[in-house]
Structures are given as C-alpha cells and as structure tokens.
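The values are calculated or read from the model by the stated rules, or taken from the named source; none is laboratory data. This structure is a prediction, so every number in the text was calculated from the model and none was measured. As a convention, Cβ positions derive from the backbone with ideal geometry for all residues, glycine included, and neighbour counts pool all protein chains shown. Areas reflect the complete protein model, heavy atoms only, side chains present, ligands, DNA and RNA absent. Shrake-Rupley method; radii C 1.70, N 1.55, O 1.52, S 1.80 Å.
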Amino acid sequence: MKQLITARMLMPAYAARFACIGGDCEDTCCAGCHIQLDRSSFLNYKASLDPELRPLFEKHVQRNPGSTAHGDYGTIGLKDDAWKTCAFLSERKLCRIQERMGEQALSDTCAHYPRTILECGPLQHVTLTLACPEAARLALLERDAFDPVTQPETVSQDYVGKIESRFGFSLDVMDDVRTLLFQVLAIGEVPLASRLKVIGLFCDRLTGLIQTKQIAELPAVVQSLARDLEDAETSAPGAGQGVFPDAVPQAAAKYFLVGREAFQTPHVRKVLDEVSRGLGFHGDQAPEDAELERACKVGQERLAPALERVPWLLEHYLSNEFLKEFFPWVLGSPSRHYATVILRYSLIRLMLAGRAAACEEPLTPIELAETIQVGCRRYVNDKGFTLRLAEDLARSGWDSIERLNTLL
Ligand code: SF4
C-alpha cells in the first residue's frame, strides 16, 4: 500500500498554478521517455483483473531487473510509433489506467510528473521540470512566477527526495545558503552575468572550506559575497542578456551533439533541427568555428528584441534550476554543481541563438519558452547527459571558475 503524506509545501507561484493540459499537450510526457514504476503500482497492475487492461499489463509492464529500490521497481513499455507513446495512452491521448482504475491507480511517476519534491528537514519544496511545455510557459513567461507560496499537497512518500546533511553542514545552514544564493540570483539591479560570477566565486570558496575542513569559516565567506555584490557592476536590469561571450559557442557546441543518436519526440526533433540549421550544423557535423561564431552573432542580434519582451526569461530558467536541484548542494561539490549549471545554461543560450538565427522574424515569447523546454527535455532533464557533462568537466578544464567566467 502506498504511503501518502499531506502537508503545506513551499513552491514558486507558477507551480501552484500548474495543471496538466493532457490531450492538448504538444510534447506529452506520456511519450518518448522511460516510465519507471514504483513497487506498489507494479504489484497493483500485475494483480489487476480488468478485462481490457490485464492483457496490456502482462505485455507492457516489466520488472526492472537491476532495481532493488521501491521507486523504479518496474517499467511500462512504449509503443513502436513516431512518438514512442506509452502503451496505455489512448488514441484520444488520455491514460487508460486512469480512465479504468481511477487517478489513485497512477504510478508515482505519472501522478507527480513534472514535479520534483525535495524534503529538507520539516519542509517539502516543490518545483516543476521545464521539460513540460505547460510548466515551461508558466515559469518562463510570467513575471511573478517565482514568488514563493505554500499550499497543501498530498504526495507519495516514495516520490519525495530527502536532502541529507552534507560536508558537515547542518540542514538549516544548507537551506540558508540555498536561500541566499537564490536571492542573489534575483537581484535585478545587477546584470545577470555579474550575479552568476558572484555566486560562482562563493561556490568556489565554499568548496575550498569543505576541502580544507574549515566549514566554521562559512560566515566570512558569506561576508565576502556581500562585498562582491557591492563591487559588482550595476547597470540597467537585463542589459545585454541575449548577448554572450565568444567562448559560449565553442564550449556548448560539442555538448549540443552529445547523444544525438538517441530517440527524440517529433516536437523535440523539430526544434533541434531549427537550431542546427541556424547554427550551421549538418547532421552530426559541427560547423567551422568561424561559421559558428557568425551564426551566433546573427542569432544574438535577432534574439535581443525578442528577449526585451520577457527580460526575466533567462533568470527564471536559472531560478528553476537552483530550486529543482537544491543548489549548490546536490551535484557533487558546490563548485562542481555551479559548473554544471553554467555549462547547461550556455547550451540553452546557444539553442536560443541558433533558433533565432534560423528565423527571419524575432522569436515570440512562446517560441522562446518552447526552445528552453526542448533544451530541458533533451539535455537538462536527461540524467545521462548531466553525468557525461560532469565526467567531461574536469577533463575539459571547464571546472575552473576563471574559465567558467568566460562563458558569462
Ligand atoms: S508534459 Fe506536462 S502538460 Fe504535457 S502531458 Fe505531461 S504533465 Fe501534462
């Protein structure tokens, strides 16, 4: 039997507004991705006597041999069609399990996606992945999307990720650091690039404290962050946010091709092809550096007027990253987590420039959000990609703060 918890949970306003659009979704999560099954759903489906569903459960619900965990005990098979849709998605793009067994019979993955729920001490934090088109629109296009709210939620205990104390820091201190960096990211008076550089420096110093076992010196590092912010250049909010240094194309282009052979839904493929065309990629052939730089310049010029309509777009993308991954505590050391966020951010900006370069007309806010949604589904949300990126960071030297700053 599933263990459910009901509690008031903390979330950004857009997450409280979210509702799945089901059959109207242009890039449904019921297609093209691995659907993992928690143990109690697996057993429930295998025991089902429903005349219509029973043969489908027998055929398409498989035990996950490599797993001992409750969360990924089994899997649901995908149809061999253009979208690789879930075997239980009907012609009307509705879930046959939900139709015949009710919402409570949905697996944890299907019931909770696109939510990520992290528990730090007594509080649960809910964020959505921007791989979901509706979540991406709500998070990226609404000015107040990241205003904090709380609301009661009932979720499966197995689906909640627990934040554990790390590097000798208490959960309270980890949560304070997380909140502090999230607030620095939202300081509109300082250009986004400068905010990120200040955060990067903080993560570098924090990692230094951890490596030298001097975590009691954290207050001094927090004070230097305050000084760095004062020194940070101040100018018009969002100044030049569409413009990025020449290092970005070189750094991000090679990651654009990672996993290119993997299956992509027709929606994701359509946007990636436009980006490829805009940047001058030919299949898995990257363009010459000069051609890539030229394409990025064209893209950035066309991107600037589009971004003026949603000057908070890139900040909101990063804010979601910070919340969803309890930044800077989850992906290895704080400086390693920072490096991963900055390289994924560079890939997202490269995709925006590429799509803008492919289109004569400025991208609409919806197309900007769609490009980031595809970037999240294709790269950011792909655990395999993030692992490959982490492995490559040290090898490629992109884990040094000096080199990362050349991307900002
Ligand atoms: S991707 Fe989002 S909006 Fe689309 S079907 Fe899934 S949860 Fe619903």
Expressed to one decimal in nm², the mean projection of the alpha carbon convex hull of region 247-405 is 8.9
Mind checking Rg over Rh on region 103-260, alpha carbons, Kirkwood formula for Rh?
1.00
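Viscosity 1.567 mPa s, temperature 4 °C: give me the Stokes-Einstein translational D for region 1-89 in µm²/s, with Rh taken as the Kirkwood radius over C-alpha pairs.
Details: Rh = 15.2 Å.
Taking Rh from Cα pairs, D becomes 85 µm²/s.
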For region 1-52, what class follows from the C-alpha gyration tensor (a ≥ b ≥ c being the square roots of its eigenvalues): rounded when a/c is under 1.5, otherwise prolate if a/b is larger than b/c, else oblate?
oblate
Provide the per residue accessible area, probe 1.4 Å, for region 4-162, rounded to a whole number of square angstrom.
48
Evaluate Rg over Rh across region 130-189, taking Cα atoms for both radii and Kirkwood's formula for Rh.
1.03
For 177-188, 345-356, 162-173, ranked highest to lowest by mean beta-carbon neighbours within 10 Å, the order is 345-356, 177-188, 162-173
Report, in deg cm²/dmol and to the nearest 500, the calculated mean residue ellipticity at 222 nm for the chain, where each DSSP H run with n ≥ 4 adds -39500 (n - 2.57) and the sum is divided by the residue count.
-15000 deg cm²/dmol
Relative contact order for region 4-162, counting Cα pairs under 8 Å that sit 6 or more residues apart, in percent:
40
Residues in region 44-67, backbone N under 19 Å from the label point at M101 (7 Å along the Cα-to-beta-carbon vector): list them, ranges by number please.
44-65
How big, in percent, is the set of alpha carbon pairs in region 4-162 lying more than 21 Å apart?
50
Region 171-233 accessible area per residue, 1.4 Å probe, protein heavy atoms, integer Å², reads 48
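With a 10 Å radius around each residue's Cβ, average the other Cβ atoms per peptide and rank 26-33, 312-319, highest first.
Details: 26-33: 20.1, 312-319: 22.9.
Packing order, densest peptide first, comes out as 312-319, 26-33.
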Cleavage-rule hits (chymotrypsin sites (Phe, Trp or Tyr not before Pro)) in region 255-308: DSSP loop, at most 14 neighbouring Cβ within 10 angstrom:
F263
From Cα pairs below 8 angstrom and at least 6 apart in sequence, can you work out the relative contact order of the chain, rounded to a whole percent?
20
Determine Rg/Rh for region 172-299; Rg is computed over alpha-carbon atoms and Rh is the Kirkwood hydrodynamic estimate from the same atoms.
1.10
Acute angle (nearest 10 degrees) that the helix 171-185 long axis makes with the longest principal axis of the chain, alpha-carbon atoms
60
Using every Cα-Cα pair within region 275-334, state what percent have a distance larger than 15 Å.
66
Kirkwood radius from Cα pairs of the chain plugged into Stokes-Einstein at 4 °C, 1.567 mPa s, gives D in µm²/s equal to 58
Under 19 Å from a point placed 7 Å out from the Cα of S67 along the Cα-to-Cβ direction: which residues of region 134-167 have their backbone N that close?
155-162
Kirkwood Rh in Å, taken over all unlike Cα pairs in region 171-233
12.0
For region 23-80 versus region 258-324, the gap between their alpha-carbon centres in whole angstrom
33
Quick check: at a probe of 1.4 Å, how many percent of the accessible area of region 4-162 sits on carbon and sulfur atoms?
53
For region 243-320, place one equal point scatterer on every Cα, skip the solvent, and apply the Debye formula. What is log10 of I(q)/I(0) at q = 0.23 Å⁻¹?
-1.23
Students often forget the sequence filter, so: which lysines lie under 18 Å Cα-Cα from K84 once same-chain residues fewer than 8 apart are removed?
K59, K93, K270
